[in-house]
Amino acid sequence: MMGLLFFIFVIAVFLGIELIAKVPSQLHTPLMSGSNAISGITIVGALVAAGLPQGGAWVTVLGVIAVAAAMINVVGGYLVTDRMLAMFKRKGGDKP
Amino acid sequence: MNLATLQPLINYLYIIASALFVIGLKMLNRADTARRGNLISGLGMAIAVVATCLLAGMEFQWVLVGMVVGSAIGAVAAYAVKMTSMPEMVGLFNGFGGLASMLVAWAEFHKWRVEGWETYFKLLPAGAPDSPLYSGVAIVFTAIVGAVTFSGSLVAFLKLAELMPGKPILFKGQQAANALIIVGAFAASAVVCHDPTAASAYAAFYAVMAIGLVLGVTSVIPIGGADMPVVISLLNSYSGVAAAAAGFIILNNVLIVAGALVGASGIILTKIMCKAMNRSLGNVLFSGFGSGATAGAGAAVTGEVKPISAADAYFVLEAARSVIFVPGYGMAVAQAQHAVRELGQMLEDNGADVKYCIHPVAGRMPGHMNVLLAEASVPYEQLVEPGDVNPLMPTVDVAVVIGANDVVNPAAKEDPSSPLYGMPIIDVDQARTCIVLKRSMKPGFAGVDNPLFFKPNTRMLFGDAKATVAQLAAEFKGA
């Protein structure tokens with residue numbers, strides 16, 4: 001399983017490089033804040049820590065703080081990206 | 001219904017979420033699909049959250065508290081932030097992602113200590129390696145990278161928000177200190193991994209997190225304001241790596257895939273930024289560029305500076321058939337983007353071809369100027385990249401430089417002794433006339449004199465960028 005996880009990791013890194021390599025510079029900021037929101041995926045680990053009873057109260061405390069921090073990253077990241085992209089307009093004002 | 005039977009469904013949902021992240025990122029590559037791409041990636045996130053909530057044995061009362069509090073803070077911050085403050089807000093959000101990953105590592109470590117390895121191992125997904133060493137390394141690595149991301153992003157935020165000085169903070173033996181910190185991190189990690197259940201291991205784990213936090217601070221303080229685009233992209237990459245590492249702790253594919261995508265995209269952006277400055281990543285991270293050590297280097301510039309009044313600049317612009325605006329950080333500081341767009345519109349109505357040329361590292365984050373001009377409703381077709389404009393520059397009537405300096409410094413091409421030498425610039429000195437809006441003759445961030453100001457076809461228009469641009473627009477209205 002470990003080997004498989006590393007395999008997935010390496011493939012995903014190459015996929016990420018391919019996806020991003022040709023992005024036009026005008027989209028650098030939305031791309032950055034959009035991918036920044038994706039890094040909030042650590043919410044999954046935070047939910048496991050906060051929601052499952054094993055490990056006792058301290059694990060729940062750490063988990064709940066982690067959930068809050070990850071949600072700031074996720075919600076803030078996506079909303080701010082959407083706000084920026086809403087401003088990118090073509091000539092004539094029609095929104096993409 | 002037996003909740004345990006939901007496991008296959010959860011796995012499928014994670015696969016769908018990963019696919020949506022990939023599709024979303026792909027769509028973020030093009031301006032006309034970017035907004036939908038962001039929505040799709042957000043949908044992937046929502047699916048991942050729902051799938052995790054389906055796990056057998058989940059209890060929700062505290063989870064909901066965390067989610068509501070975090071969402072509320074994130075939403076308020078996202079709507080309240082001004083476009084000019086976007087770099088620090090993106091940095092701050094990024095820091096919270098790092099904090100979450102660090103806390104996940106801590107929670108897993110604590111769970112392991114409380115439950116013992118036998119029970120902890122059974123909590124991991126089927127097929128997990130029955131190896132305390134593997135889990136220990138994953139936990140320690142996640143804690144360090146998460147901590148570096150968190151404190152590094154906080155320092156970047158403080159610098160960008162000007163709550164602490166933006167110039168590099170250097171002290172004697174800084175690199176030796178950093179090396180020592182890294183050695184300490186390895187030592188503490190070794191103690192944790194050697195016997196994670198020993199009494200000393202918890203102290204060592206605290207040390208690991210503390211060292212990570214210190215390392216984040218010491219690696220960002222020597223980096224100056226104008227190098228922030230590099231730092232922000234790099235920290236973005238770190239937060240992805242931290243999330244992927246957390247995926248290796250709990251053996252979860254969606255964390256690994258999403259984290260790897262972010263890690264890779266951050267590295268690519270970092271590389272683009274470094275290339276735009278013709279500097280290596282090592283040079284950006286360790287040199288304390290612009291600290292004064294490099295200032296004064298380069299050939300002395302001599303010549304005559306020719307100031308121009310707003311009224312005279314109006315006549316030059318009025319006669320121009322093609323105009324290129326080159327905005328820089330100064331435009332953001334003066335919040336001049338709306339005034340610039342208004343002037344650009346008037347020039348267009350006057351029959352001129354108007355373009356905005358943006359250097360990749362202008363401003364404080366990648367694409368900073370694009371966002372500001374988009375806010376002022378400049379259509380994105382009018383935004384052009386230096387490589388496309390430079391060959392046409394000799395045919396351009398007027399290049400208007402607004403608060404940019406180093407990115408238009410011809411010394412980067414002409415003077416091999418200049419610290420900027422080799423950096424790709426926007427060739428405004430090749431335009432028929434170049435008008436530079438500037439507050440004073442102070443050199444730019446790099447502390448390097450700019451021979452552009454002394455070129456025969458350059459005119460200096462001194463004053464606050466916003467006021468000056470508004471003045472030019474007023475001349476047009478009056479005409």
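The values are calculated or read from the model by the stated rules, or taken from the named source; none is laboratory data. These figures come from a predicted structure and were not determined experimentally. Because the Cβ atoms are built from the backbone with ideal geometry, glycine has one as well, and the counts that use them run over all protein chains shown. Keep in mind that these areas ignore ligands, DNA and RNA; they rest on the heavy atoms of the full protein, side chains included. Shrake-Rupley method; radii C 1.70, N 1.55, O 1.52, S 1.80 Å.
Tally time: how many residues in segment B:141-167 are away from chain A (no Cβ under 13 Å) and assigned to a helix (DSSP H, G or I)?
Of the residues in segment B:141-167, 8 are away from chain A (no Cβ under 13 Å) and assigned to a helix (DSSP H, G or I).
Of all residues being of a type in the set (Val, Ile, Thr) and surrounded by fewer than 24 Cβ atoms within 10 Å (Cβ to Cβ) in segment A:61-82, which is farthest from the other protein chains (Cβ to nearest Cβ)? Just the residue, please.
Top of the filtered list is A:VAL61.
Residue pairs, Cβ under 6 Å, 6 or more apart or interchain, first in segment B:97-113 and within 8 Å of chain A (Cβ to nearest Cβ) and free of Cβ contacts under 8 Å to residues at least 24 places away in the same chain, second open to solvent by 10 Å² or more (accessible area, probe 1.4 Å) and not in a helix (DSSP H, G or I). List them.
Sorted first by the residue in segment B:97-113, then by its partner, the pairs are B:LYS111/A:GLN54.
Name the residues in segment B:439-465 that are modelled with pLDDT of 80 or more and open to solvent by 30 Å² or more (accessible area, probe 1.4 Å), would you?
Residues satisfying the conditions are B:ARG439, B:PHE454, B:LYS455, B:PRO456, B:ASN457, B:ARG459, B:PHE462, B:ASP464.
Might you let me know whether segment B:422-434 holds any residue that is touching a Gly at 6+ places or on another chain (Cβ under 9 Å), at negative phi and not small (Gly, Ala, Ser)? Before you say what the answer is, go through the steps one by one.
Keep residues of segment B:422-434 that are touching a Gly at 6+ places or on another chain (Cβ under 9 Å), which gives B:424.
If we keep only those that are at negative phi as well, we get B:424.
Filter again for not small (Gly, Ala, Ser), leaving B:424.
Yes: one or more hits.
Suppose we filter segment B:51-79 for residues that are open to solvent by 40 Å² or more (accessible area, probe 1.4 Å) and part of a helix (DSSP H, G or I); how many remain?
Total meeting the criteria: 10.
Restricting to segment A:43-58, count the residues that are surrounded by fewer than 24 Cβ atoms within 10 Å (Cβ to Cβ), at the interface with chain B (Cβ under 7 Å from one of its Cβ atoms) and within 14 Å of B:TRP112 (Cα to Cα).
Residues that pass the stated criteria total 6.
Select from segment B:216-231 the residues that are open to solvent by 10 Å² or more (accessible area, probe 1.4 Å) and among the hydrophobic types (A, V, I, L, M, F, W, C) and write down the one among them that is nearest to B:ILE181 (Cα to Cα).
Per the criteria, the residue is B:VAL217.
Conditions tested, residue by residue: (1) without any contact (Cβ under 8 Å) to a residue 24 or more places away in the chain; (2) under 29 Å from B:VAL284 (Cβ atoms); (3) not assigned by TED's automatic domain parsing to the domain that holds B:ALA138.
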{"residue": "B:LEU180", "(1), (2), (3)": "yes, yes, no"}
{"residue": "B:ALA198", "(1), (2), (3)": "yes, no, no"}
{"residue": "B:VAL208", "(1), (2), (3)": "no, yes, no"}
{"residue": "B:PRO222", "(1), (2), (3)": "no, yes, no"}
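Among the candidates B:VAL63, B:VAL76, B:VAL50, single out the residue that is out of contact with any Phe, Trp or Tyr (no Cβ under 9 Å at 6 or more places or on another chain), under 27 Å from B:GLN7 (Cβ atoms) and more than 7 Å from every other protein chain (Cβ to nearest Cβ).
B:VAL50
Which members of segment B:114-140 meet the condition of being open to solvent by less than 30 Å² (accessible area, probe 1.4 Å), more than 7 Å from chain A (Cβ to nearest Cβ) and of a type in the set (A, V, I, L, M, F, W, C)? I'd like the intermediate steps shown before the answer.
So the first thing to find is which residues in segment B:114-140 are open to solvent by less than 30 Å² (accessible area, probe 1.4 Å), and the list is B:116, B:120, B:124, B:128-129, B:134-136, B:138-140.
When the remaining residues are screened for being more than 7 Å from chain A (Cβ to nearest Cβ), the result is B:116, B:120, B:124, B:135-136, B:138-140.
Within segment B:114-140, B:LEU124, B:ALA138, B:ILE139, B:VAL140 qualify.
What about A:MET2, is it touching an Asp or Glu at 6+ places or on another chain (Cβ under 9 Å) and at the interface with chain B (Cβ under 7 Å from one of its Cβ atoms)?
no
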